[in-house]
There are 4 protein chains.
Amino acid sequence: MTASPFDHPLLSGLLGDDEVSVHLGAAADLDAMAAFEAALARAEAAAGLIPAEAGPAIAGACAQFVPNRGDIRIAAARDGVVVVEWVRQLRAAVPEAHREYVHFGATSQDVIDTSLMVRLKAILSLFEDRLGRIVEALGVLDGRFGGNRLMARTRMQDALEISVSGRIADWRLPLQRHIDRLAAVREAVLVLQLGGAVGDRAKFGEKAGEVVALMAAELGLWAPDKAWHSQRDGMFACASWLAGVSGTLGKIGQDIALMALAGDGQIALAGGGGSSAMPHKSNPVAAEVLVGLSRYNSTLVSGMGQAMVHEQERSGAAWTLEWLAFPQMLMTTGAGLLLAERLLGAVEGMGA
Amino acid sequence: MTASPFDHPLLSGLLGDDEVSVHLGAAADLDAMAAFEAALARAEAAAGLIPAEAGPAIAGACAQFVPNRGDIRIAAARDGVVVVEWVRQLRAAVPEAHREYVHFGATSQDVIDTSLMVRLKAILSLFEDRLGRIVEALGVLDGRFGGNRLMARTRMQDALEISVSGRIADWRLPLQRHIDRLAAVREAVLVLQLGGAVGDRAKFGEKAGEVVALMAAELGLWAPDKAWHSQRDGMFACASWLAGVSGTLGKIGQDIALMALAGDGQIALAGGGGSSAMPHKSNPVAAEVLVGLSRYNSTLVSGMGQAMVHEQERSGAAWTLEWLAFPQMLMTTGAGLLLAERLLGAVEGMGA
Amino acid sequence: MTASPFDHPLLSGLLGDDEVSVHLGAAADLDAMAAFEAALARAEAAAGLIPAEAGPAIAGACAQFVPNRGDIRIAAARDGVVVVEWVRQLRAAVPEAHREYVHFGATSQDVIDTSLMVRLKAILSLFEDRLGRIVEALGVLDGRFGGNRLMARTRMQDALEISVSGRIADWRLPLQRHIDRLAAVREAVLVLQLGGAVGDRAKFGEKAGEVVALMAAELGLWAPDKAWHSQRDGMFACASWLAGVSGTLGKIGQDIALMALAGDGQIALAGGGGSSAMPHKSNPVAAEVLVGLSRYNSTLVSGMGQAMVHEQERSGAAWTLEWLAFPQMLMTTGAGLLLAERLLGAVEGMGA
Amino acid sequence: MTASPFDHPLLSGLLGDDEVSVHLGAAADLDAMAAFEAALARAEAAAGLIPAEAGPAIAGACAQFVPNRGDIRIAAARDGVVVVEWVRQLRAAVPEAHREYVHFGATSQDVIDTSLMVRLKAILSLFEDRLGRIVEALGVLDGRFGGNRLMARTRMQDALEISVSGRIADWRLPLQRHIDRLAAVREAVLVLQLGGAVGDRAKFGEKAGEVVALMAAELGLWAPDKAWHSQRDGMFACASWLAGVSGTLGKIGQDIALMALAGDGQIALAGGGGSSAMPHKSNPVAAEVLVGLSRYNSTLVSGMGQAMVHEQERSGAAWTLEWLAFPQMLMTTGAGLLLAERLLGAVEGMGA
């Protein structure tokens, strides 16, 4: 039992997801924050909001910048965000002539939300790939065993026989739909954040649209009409998608655990988990864990809903709540996708 | 305090939604169930699965059928669904020659899920209309007061002045996006349910596609490739959309309550609520209730996520959980939309 | 599918609880509200805060009072509570000389919270009785079948044989502890609410303690040192207890559904539910519904936690959230207890 | 944004809790696991279940044992728990003559649940101390400012003046009750886990009671009548207590944030947080974060409720869900207590 099994030296063997973890770590966050400031400076220079030389100068400093993490950690306790101290350090790393143009017109939330989106973009691609492989694996299972029969169970009772293909379709179709829904999720959430202190881009004047367009293009994000500081529907749409994916994986896990329980040959699994007390047992560990992960993500999505009540122009309360719940949701989804792929790969027979 | 304020003889004055209620009531449910059986019989007759005369005969009986509710209520305790006894009664109301063709090839879940979808279609249209009116009302407010200024507040502190227009945009843009997302929600959830006992449409043979297409057309629903008995991602997508709408309304309510609190003229509201102890007070009741409704829907969406773990071919547990949570979510969303419209209509001034 | 299956003309056959419903209905609420005002008037008269004759006069009027529900419903929309208009009506029903003493020093929240507590007291007693009967029924099953053996299942796999007695103990011990915890729950929540407009009992002066003690005694509630208008820890403690009870019942239901699934004689149940498509089936309906109810209550308890953030001296948002979630929790718990009792009564064999 | 702000190199400055973290880390877990095996061996030797020399030999090895974490991490992926491989390694570290007596009669869940309880005991003491200090700090504030007046606010509107003492009491009384409730929570949850493979202590025969009593005494835990492998009401009672504590802290945070917002001198706070865009601002960061933490814990408690449906003799799904949610709840509570203490220490004035 540890603060987070996802990051735990031992339990991450079961629940970890190294690929997602790296995107959620401090290093990737700091890199994406620097990418934001570099893109901002370049765009502002191009738009004539800051001197032409300030753009490459700041961008160059961003590329080299190694922040003092200890000082940021200390300052976060006071400021509630890491950006205030980080910008102070970044500014000091920029040639004096250009310092005043660092972070010009932006605010902490612009940096943090955009950094998340840059990394979320990569994570969603990862998830799409994994979903694709799982759908493919289900196709393979369907090809091998789809013609077999197994006893359908309704309301936890034997009902009538169905084809294995039928049960696999109940797993595959929702996963395919989750993939199809990704385009809308991306458009909802992978959006540049840029609004300045109170979200109105006041310091950019009529150049606001140009700066936003340039930054969005450089960072590979959508360009919004207005900063979405307090409009969190996109975050919630993404969180719902994550919980939906986990929910479908949980159904698959539950079905496989029940098939394994029945002991009537509905499924044959290679390499189940051991028991410290009963060496004869082979447990459908991954199947069960999928259920647990699904229930966890369904729990957490509620917190993301609560965070939609993001009062006024910036809510420290609602925003902090997102920081707590959303990365957990990403790890939960990622771990589930890894486990599902592994579990389906271990299926050696279905039905008869 | 009552079992459900939405249906309460007194509190429904505050929290009720007569238009949604009528769709969720027993009468509308029984009507839609009958519409399902009528459409089924007509489609099966057209497809040659049952005698040609059985179609209109059964459909005619459905149109006239008045079930004995008391007997259904008693049987529901035993069967876990109302359909078993209801079909028994319906069959008895059909001319003897055609009785055996009633409900042919269908199962309880087909009837209940489809009945919900028929009514959900109407409810979503209602919600779309209301959202449209709210967006419009925000446009009117923007036209009247958008040019005024008010003090932005970030992290619960005065920040810098913004235009009223800016704050209104933070309310309007997510609502417009919720409207835009409705098309995908409809496609995800407004889907005919037809699978028979174990979801494989076994009794329809090669006529399955034809029956599904005819029924879907008659009932105004999408035609699925396969019964979605245990594929609940569409239900969850709809639930998430509902929670998202409530979340945005909750943010609007919270903002207005805070604007009213400030006492610095950020907002002027007509006709606030009274107090039994302080006659001088005028409370922003609707604004506060929007926050409560939002938090309730964000709570409930978690239950709909849990219900995605719909094990095997039919889960009494997960399905019952939907029956408990989903109608509450519809009422919560409906009540919030009504209150938001009323609240915005009471705004007599914003900013200065 | 209806707004609330608990109150539904058909589904309440499965999910209803007539005994709890009556306490949560408008009639019982209005009666308890009148009892509050009567007790208040008597206590204030005894303490000399209002004329001696006003006490019995008001109490007498309360006993006879039949409010106009339609007007209250309309006013609730404006005031956010039913009390403002209800007190106005009550006052009009009191002889003119005493009218000004009606509701003296009290506020809406005093009436509503106390009315809930009066009824909650009865509901908790009901639950205690039911829990006692379930524990007793488990004792009977233990006496009949406890010596039999059944296959334990860990991680959804056959493990080693255990005694039936062992499995029953895993059901009974938590239920017994829930009973034991009731005393603390009662002390936490069955507390008179009396604070006046802003919770400081200003109008009672030094007589506050006396009034509180007299009222608490008359109404059978604990006497608090201070009004708990914005201190909702007692409500949350009760909500947690309810979710805990449902959680244990859900575990019992899940176990029984799995025992019934195995088909190896782990359990024999009389009178399962029918299927509209498979007359041969006997479904463990009550067992499954217990799982659904458990997951619903675990969902709702989150909302009660959110309602603890009851800002300042009275939060319309947090309080409304309680009105939405808490009665649902009571119905969920009640329905589960009824179903569990029924389910255990249908057990005709366990193990071998 | 990181996988868990609690463990994050930067954000833990704001949200971390070094004292709780250390108890939840892998090192403390492995130590407590070793303490379990040592206590088990000593108790079994004393009871004559294993050779007298095996007790100290195994206990001695436990004290020295340094497991190979990499191998455990790998095995956890297969076994779903860390214990199988860890016991294998421990056994290898014990003199060959005694190896067969290591972990005798126990199972993985005994080790893991008991390890948690040993550490939870320390964490709850920490929380009790912090709660005590917060209550004390509130007493100090009451002493300094309690006689001042401030405007009460009901339903987000100015109501009537109250004493600062009154508002402080609404914060202090629930915290005091949380402290009072700790005794019952401890008795519910700080319980030795010992049941063996299927929870019936079969290998201990009539010595079971003696072994349990000795181990419980050595480890400072309660001795249960039966293993609570699948009885999770104690865990849920503890989780509810944690959410309750956070809920009260969230109310305090919300109140202070609103007092700071009003700008009418309701509260004076030293050292608020900075802004990257508005150097003039001083944000009530800790107050807001308390609200976010409260909402997160109220979200998570729902997951712990879901985990009560712990099917049959051991549920990998429900147990994994606890591993995900419960440590987060402990960190959330711990962080909130630290922040509340800091926040109250920064109060320099209340009311006027």
Problem - Of all residues in the range C:322-349 being open to solvent by 10 Å² or more (accessible area, probe 1.4 Å) and either at the interface with chain B (Cβ under 9 Å from one of its Cβ atoms) or charged (D, E, K, R) (or both), the one that is farthest from C:Ser240 (Cα to Cα) - result: C:Glu348
Handout entry: Residue satisfying all of: in the range D:64-81; touching a Gly at 6+ places or on another chain (Cβ under 8 Å) and open to solvent by 10 Å² or more (accessible area, probe 1.4 Å); nearest to D:Ala27 (Cα to Cα) among these
Key = D:Arg73
Problem - Options A:Ser240, A:Ser230; residue that is in a helix (DSSP H, G or I) and facing another protein chain (nearest Cβ under 9 Å) - result: A:Ser240
Problem - So D:Arg295, is it within 9 Å of chain C (Cβ to nearest Cβ) and open to solvent by 10 Å² or more (accessible area, probe 1.4 Å) - result: yes
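Condition check ((1) in contact (Cβ under 8 Å) with a residue 24 or more places away in the chain; (2) in contact with a Phe, Trp or Tyr (Cβ under 6 Å, 6 or more places away or on another chain); (3) of a type in the set (Lys, Arg)) across all residues:
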position	(1), (2), (3)
D:Ala3	no, yes, no
D:Ala34	yes, yes, no
D:Gly70	no, no, no
D:Ala76	no, no, no
D:Arg91	no, no, yes
D:His103	yes, no, no
Problem - Test set (1) open to solvent by less than 10 Å² (accessible area, probe 1.4 Å); (2) out of contact with any strand residue (DSSP E or B) (no Cβ under 6 Å at 6 or more places or on another chain) - D:Gln312 fails condition number - result: (2)
Problem - The lone exception for D:Leu116 - which of (1) aliphatic (A, V, I, L, M); (2) within 24 Å of D:Gln231 (Cβ to Cβ); (3) open to solvent by 10 Å² or more (accessible area, probe 1.4 Å) it fails - result: (3)
Exercise for the section: Keeping to the range A:291-317, report how many residues are in contact with a Lys or Arg (Cβ under 7 Å, 6 or more places away or on another chain) and assigned to a helix (DSSP H, G or I). Expected result: 3
Problem - Of residues in the range D:86-106 being under 12 Å from D:Ala59 (Cβ atoms) and open to solvent by less than 10 Å² (accessible area, probe 1.4 Å), the one farthest from the other protein chains (Cβ to nearest Cβ) - result: D:Val94
Handout entry: Residue check for B:Ala268: without any contact (Cβ under 8 Å) to a residue 60 or more places away in the chain and outside any helix (DSSP H, G or I)
Key = no
Practice task
Check the range B:243-259 and report whether any residue there is part of a helix (DSSP H, G or I), under 25 Å from C:Val291 (Cα atoms) and among the hydrophobic types (A, V, I, L, M, F, W, C).
Solution key: yes
Fill in the blank from the handout: Taking the range B:153-179 and keeping only residues that are within 24 Å of B:Val245 (Cα to Cα), facing another protein chain (nearest Cβ under 7 Å) and either part of a strand (DSSP E or B) or of a type in the set (Ser, Thr, Tyr) (or both), one is left with B:Arg153, B:Thr154
Problem - Residues that are in a helix (DSSP H, G or I) and open to solvent by 50 Å² or more (accessible area, probe 1.4 Å), drawn from the range B:126-152 - result: B:Glu128, B:Asp129, B:Arg133, B:Glu136, B:Val140, B:Gly143, B:Arg144
Practice task
Within the range A:164-177, identify whether any single residue is open to solvent by 30 Å² or more (accessible area, probe 1.4 Å), under 25 Å from A:Asp233 (Cβ atoms) and not polar (S, T, N, Q), and answer yes or no.
Solution key: yes
Handout entry: Index of the failed condition, B:Arg155 passing every other in (1) farther than 22 Å from A:Ser315 by Cα; (2) modelled with pLDDT under 95; (3) crowded, with 22+ Cβ neighbours inside 10 Å
Key = (1)
Exercise for the section: Evaluate the following for D:Ala43: is it in the same structural domain as D:Asp255 (by TED's automatic domain parsing) and in a helix (DSSP H, G or I)? Expected result: no
Handout entry: Close pairs from the range B:193-215: first outside the structural domain of B:Leu120 (by TED's automatic domain parsing) and assigned to a helix (DSSP H, G or I), partner among the charged types (D, E, K, R) and open to solvent by less than 10 Å² (accessible area, probe 1.4 Å), Cβ under 7 Å, at least 6 apart
Key = none
Exercise for the section: From the list B:Ala52, B:Ala27, B:Ala61, B:Ala38, pick out the single residue that is outside the structural domain of B:Glu128 (by TED's automatic domain parsing), assigned to a loop (DSSP other than H, G, I, E, B) and surrounded by fewer than 23 Cβ atoms within 10 Å (Cβ to Cβ). Expected result: B:Ala52
Completion exercise
Exception for C:Ala3 within (1) part of a helix (DSSP H, G or I); (2) under 20 Å from the mean Cα position of the chain (by Cα) falls at (1)
Exercise for the section: Could you please tell me which pairs satisfy a Cβ distance under 7 Å, a separation of 6+ or placement on different chains, a first residue in the range A:275-291 that is at the interface with chain D (Cβ under 8 Å from one of its Cβ atoms), and a second residue that is part of a helix (DSSP H, G or I) and of a type in the set (Asp, Glu)? Expected result: A:Val285/D:Asp79
Practice task
Examine the range A:252-265 for a residue that is touching a residue at least 12 places away in the same chain (Cβ under 8 Å), surrounded by fewer than 23 Cβ atoms within 10 Å (Cβ to Cβ), assigned by TED's automatic domain parsing to the domain that holds A:Met304 and among the charged types (D, E, K, R), and state whether such a residue exists.
Solution key: yes
Practice task
May I ask you to verify whether B:Ile58 is without any contact (Cβ under 8 Å) to a residue 60 or more places away in the chain and within 30 Å of C:Leu338 (Cα to Cα)?
Solution key: no
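The values are calculated or read from the model by the stated rules, or taken from the named source; none is laboratory data. Model, not experiment: these values are computed from the prediction. Reconstructed Cβ throughout: ideal geometry from the backbone, glycine too, with neighbour counts over all protein chains shown. Heavy atoms of the whole protein, side chains included, go into the accessibility calculation; ligands, DNA and RNA do not. Shrake-Rupley method; radii C 1.70, N 1.55, O 1.52, S 1.80 Å.
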